[in-house]
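Reviewing the structure listed below.
Bear in mind that the values in this text are calculations on the coordinates, not laboratory data. Fair warning: this is a prediction, and the values are worked out from it, not measured in the lab. No Cβ is skipped: glycine too gets one built from the backbone with ideal geometry, and neighbour counts run over all protein chains shown.
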């Protein structure tokens, strides 16, 4: 068995053939600044259980479907998705869905997005209800 030689060959091939490492997901630098923090939570939580390609290439662009989908993922024990994370993830998925619709010509070009609420603002009331900032069909859905 020539394992040391195989390791050397594999190392050289990897160095020559894989000069650029591609990260999974989206490049946050291409997003509006107020969306980047939401994307970071989405990427961190959702990549725990599956690749980011799963939601990003799903073709889903319906907010109601995303609400059900994220609620189902939140119930997975390993997800670590909190109630607060749900709001942030849904906000990112809404942004992403709208951008995908625009790319396909289903929507006109977007006006500038309103800034995200301050990080100190809690989306969960003392009664445990989640307040969702964004489209009317997301508000109160959780």
What ranking do 42, 96 get, fewest neighbouring Cβ atoms within 10 angstrom at the top? 96, 42
By average C-beta atoms within 10 angstrom, highest first, the peptides 24-31, 59-66: 59-66, 24-31
Hits in segment 45-82: amide N under 15 Å from the 7 Å Cα→Cβ extension of residue 24, namely 45-58, 79
